[in-house]
Structures are given as structure tokens and as C-alpha cells.
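Participant: Here's a structure for you.
Where a number appears in this text, it was derived from the coordinates with a stated rule and is not lab data. The shown structure was predicted, so the numbers you read here are calculated from the model rather than taken from an experiment. Note that each Cβ is placed from the backbone with ideal geometry, even for glycine, and that neighbours are counted across all protein chains shown.
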Amino acid sequence: MTGSGHSRFASQHDVELCGLAATGERRAFGELVRRHGSAVRGVLRRMGAQGSEADDVAQDAFLTAFERIAEFRGEGTFAGWVKKIAARLYLRRLQRDRRLGAMTAETVEDEAPHSDADAVIDLDGALKQLGAAERLCVSLCFGAGLSHAEAAEALNLPLGTVKSHVKRGLDKLRTRLAPDDGAALEGRRGNG
Amino acid sequence: MVEFERRLERLFAEAPELPDAGPFADRVERRLDAGWTARRWLIGAAGVVGGVIGASQLMVSNLFQRVETAGDSARLLSTSINHISAGTDWMAAISSGGAVVWAAAAMAVVMMGFVLTRVIGEI
């Protein structure tokens, strides 16, 4: 499992490894997992998945990616492609467990997030301050790389609702992460 | 502003390497290996089942009787050919009649299993 097999692929580019994986070379795909596994798991955790659940979904996402590796044309990054797969799988799991509706239908707290400029606040900490729907939408658009329209479709929500969640989430994040910035954010991301 | 959004994208992209990144990749590889092993077994089993079904179909379709008839025909053909021209070694082999038909039937079963295996493999 480890050792010479992996070092053989360590110097190769992602696109080359994808090509090898497409021929059934599982060790080459293992190198891709080694490189990007943390990033994919990180996005899922930022979407709100707990550790073990994030790992399960990430594993499924990589297995799905291996099955569909021939579809990857190298137009974006491999990590970005798998992140999208993982995000959609996680949403599907939420839907199956009837958790998605509760998350996206939660009431929005209008209270202003408290700003603590003196404290060192990382992204993960800041995301935890968001409502579940805001966190999902922001993570989908900025972490998994989905457009507003794609996120709306994946969440089965109106486009306007997703844009609102993103905007509110960005406002709160900016207050936490960049409290010195002046103007309010415009939800300009995506093609929706 | 857009600048903040870019910064946010960078923050999202800068995912820290998790301490169990190696074991995680090993788990994924093990699942890949298990999937391929299961698939190989499935394909092999499907080939065997296909072969057995093919063979049983040949058995139940009055094959023995037809082989006898075909054997007689082969012998008759061989005799006729021998009358027309001097026999060669391979012509002599044909004179065994029934054995040739049995070999052809066996080849057909093997081919059927092979084709079925390939088809399932492609799926």
C-alpha cells in the first residue's frame, strides 16, 4: 500500500495521474487522494459535516471520482472537481436523512455578529458563527466552487434565497475576518 | 467587496493538511482494491454461470441425437471426399466425425463464456 508504489507517482502532475487512473491504475489515484484528501474533507467540514461523516462522504466522493475519472477533462483542477462531487454527495445525504430541509428553513438571526478584532479568528471559527443555511451556501459557493445557480439547484432552493444566504453569510464573515473593511458586501459571486 | 471574496476563496483553498491524510488515502485505496476484487469475482462467476447455462442448453436440446446425426453426416462426407481425391492427414482427422463435432460444441461453450465475460466487463 505504501512505499515505492507511491513514490513512483509523487513527481507526476495531477493531470498525468488522472490519465493513469483512467487506465485503472489505482495507485496513481491513491496519490491524488493523498494530495487532495484533506482539502475535500476540509470543505465538507466547513459545510457542517462532522468529522467521521465528512470522512465517509469524502471517501465516497473519491470512489465516485475514480469511477467517473474519464469524465474529468482537466478543465478545472482535480481537487475542485472532487470537491463539487463531495458537496453534492453530502447534500444528497442530508436530503436522504431529512436534515437538509431543517437546515435551509432555519430562521435567520438578525442580530449583528459580535466583532472581536483583537482575537485571532480563523475561517473555521468564523463559519461556526453562521446559521446552517448561510454556512452551507457560503461553503458551496466559495469552498466547493459552485455558482449561485448550481447551489440553488443542489439545495432545491430559489436562486434569490441562496443569494440572500450568501450575502448575509459574507456580511457576517467580513465582520469577523476583516472588521476594518468599510462597505457592505455585494453578493456578486456566481452566474446566477 | 470582491477583494474580500477573493480572500475568502483563498482561505477556503488553503485547507490545512489533516494529520491522518495518509491513513485516509490508504482507506480509499483499500476500498478501491476491494471493489476491483469483487468485480473480478463477479465477472468470473458470471462467465462460469454463462458457460454452465450454455452447456446445459446444449445438453437438453437433443444434442446427443444431433451429434450422432452430424457424426454420420461427417463420416459420409469424409467418405465421399476420399472417393473424389486422395485423402490427406487433416481429411483423415475429419473421418473421426463425432469427435470434431464435440470439439466444436466445446469451443462454442468456451466462446459463449468468453463473450459473456467481456460484455459484463465492459458494463
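Participant: So, R0 is 30 Å and r is the distance between the beta-carbons of residue B:42 and residue A:11; what FRET efficiency does that work out to, to 0.05?
Facilitator: Once the sixth-power term is evaluated, E becomes 0.25.
Participant: Let me ask something additional. Would you please give the residues with an amide H less than 5 Å from that of residue B:18, counting only those at least 5 places away or on a separate chain, with H modeled from the backbone geometry?
Facilitator: Placed amide hydrogens put A:38 under 5 Å from residue B:18.
Participant: Enter the mean number of other protein chain beta carbons within 10 Å of the beta carbon of each residue in A:29-36, as an integer.
Facilitator: Mean partner-chain Cβ count within 10 Å for A:29-36: 5.
Participant: Over the stretch A:1-92, what is the relative contact order in percent, taking alpha-carbon pairs closer than 8 angstrom and at least six residues apart?
Facilitator: RCO, the stretch A:1-92: 30 percent.
Participant: Just rank A:57, B:110, fewest to most, by other beta-carbon atoms within 10 angstrom.
Facilitator: Ranked by crowding around the Cβ, least crowded first: B:110, A:57.
Participant: Return the sequence-ordered ³J(HN,Hα) values of the stretch A:12-17 in whole Hz as given by the Karplus equation 6.51 cos²θ - 1.76 cosθ + 1.60 applied to θ = phi - 60°, using x for Gly and Pro.
Facilitator: 8, 6, 3, 5, 5, 5
Participant: May I pose another question? Would you please give the FRET efficiency between residue A:23 and residue A:122, computed as 1/(1 + (r/R0)^6) with r the Cβ-Cβ distance and R0 = 41 Å, to the nearest 0.05?
Facilitator: FRET efficiency, residue A:23 to residue A:122: 0.50.
Participant: Next question. Could you derive backbone 3J(HN,Hα) for the stretch A:69-84 from the dihedral phi with the Karplus parameters 6.51, -1.76 and 1.60 (θ = phi - 60°), listing whole Hz in sequence and x where the residue is Gly or Pro?
Facilitator: Ordered by residue, 3J(HN,Hα) equals 4, 5, 7, 7, 9, x, 6, x, 7, 4, 4, x, 4, 5, 4, 5 Hz.
Participant: Report the full-extension gain for the segment residue B:79 to residue B:115: residue separation times 0.36 nm, less the Cα-Cα distance, to one decimal in nm.
Facilitator: Contour length minus Cα-Cα distance gives 9.4 nm.
Participant: Ranked from highest to lowest mean number of other Cβ atoms within 10 Å per residue, what is the order of the peptides A:71-77, A:126-132?
Facilitator: The densest-packed peptide leads the list: A:126-132, A:71-77.
Participant: Could you pull out the GluC sites (Glu not before Pro) across the stretch B:1-89 that fall in loop regions by DSSP (anything but H, G, I, E, B) with no more than 14 other Cβ atoms inside 10 Å?
Facilitator: Sites meeting the loop and neighbour criteria: B:14, B:17.
Participant: How many Cβ atoms of partner chains, on average, are near each residue of A:59-68 if near means within 10 Å of its Cβ?
Facilitator: For peptide A:59-68, the averaged partner shielding equals 3.
Participant: How many partner chain Cβ atoms sit within 10 Å of a residue's Cβ in peptide B:30-38, on average, as a whole number?
Facilitator: Mean partner-chain Cβ count within 10 Å for B:30-38: 3.
Participant: What is the distance in Å between the Cα centroid of the stretch A:60-88 and that of the stretch B:1-66?
Facilitator: Cα centroid of the stretch A:60-88 versus Cα centroid of the stretch B:1-66: 15 Å apart.
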